[in-house]
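Bear in mind these aren't lab numbers, they're just calculated from the coordinates by the rules spelled out. This is a predicted model, so every value here is computed, not measured. Note: ideal-geometry Cβ built from the backbone for every residue, glycine included; neighbour counts use all protein chains shown.
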Amino acid sequence: MCVGLPGKIIAIEGKRAKIKQNDHFHWVDISTVEKVKIGDYLLTYQEATVNKISAKEARQVLRLMDRAGDAGVKRSD
């Protein structure tokens, strides 16, 4: 099963955004979403943006992933 991970936009260059996911930084394609800005959260899979999400939704996903980790499910980020 593939899981999209939330990340916070910290920089934008053209159709790419640099996001922070936990302590990891990387660039993702943002050509599939409109009106993103620094500080927004994106749900991503590998280097692609799935959707723009709220900060609340990002926190909920991260909380669920932490619970999965507590249950023995390994994260791949």
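Explain nothing, just compute: Karplus ³J(HN,Hα) = 6.51 cos²θ - 1.76 cosθ + 1.60, θ = phi - 60°, for every residue of segment 19-33 in order, whole Hz, x for Gly and Pro.
Ordered by residue, 3J(HN,Hα) equals 10, 10, 10, 6, 9, 10, 10, 7, 9, 10, 6, 10, 5, 8, 10 Hz.
For the chain, with the dipole built from +1 on Lys and Arg beta-carbon atoms and -1 on Asp and Glu ones, taken about the Cα centre, which of 51, 39, 5 lies farthest toward the positive end?
39
Counting only pairs 8 or more residues apart or on different chains, how many lysine pairs in the chain have their Cα atoms under 18 Å apart?
Taking the Cα cut-off of 18 Å, the pair count is 18.
Normalised by the number of residues in the chain, what is the relative contact order in percent for Cα pairs under 8 Å and 6+ residues apart?
Values: 124 pairs, mean separation 20.1, N = 77.
Normalised by residue count, the contact order of the chain is 26 percent.
With θ taken as phi - 60° and the coefficients 6.51, -1.76 and 1.60, list the Karplus ³J(HN,Hα) couplings across segment 6-11 in order, rounded to whole Hz; mark glycine and proline as x.
For segment 6-11, the Karplus curve yields x, x, 9, 6, 10, 7 Hz.
With each pseudo-label sitting 7 Å past Cα toward Cβ, what's the residue 48-residue 67 distance in nm, one decimal?
2.8 nm
Report the local net charge at residue 35: Lys and Arg +1, Asp and Glu -1, summed over other residues whose C-beta lies under 14 Å from its C-beta. Before the final figure, lay out each step's value.
Details: positive: 15, 37, 52; negative: 34, 40.
Taking every other residue near residue 35 into account, the sum is +1.
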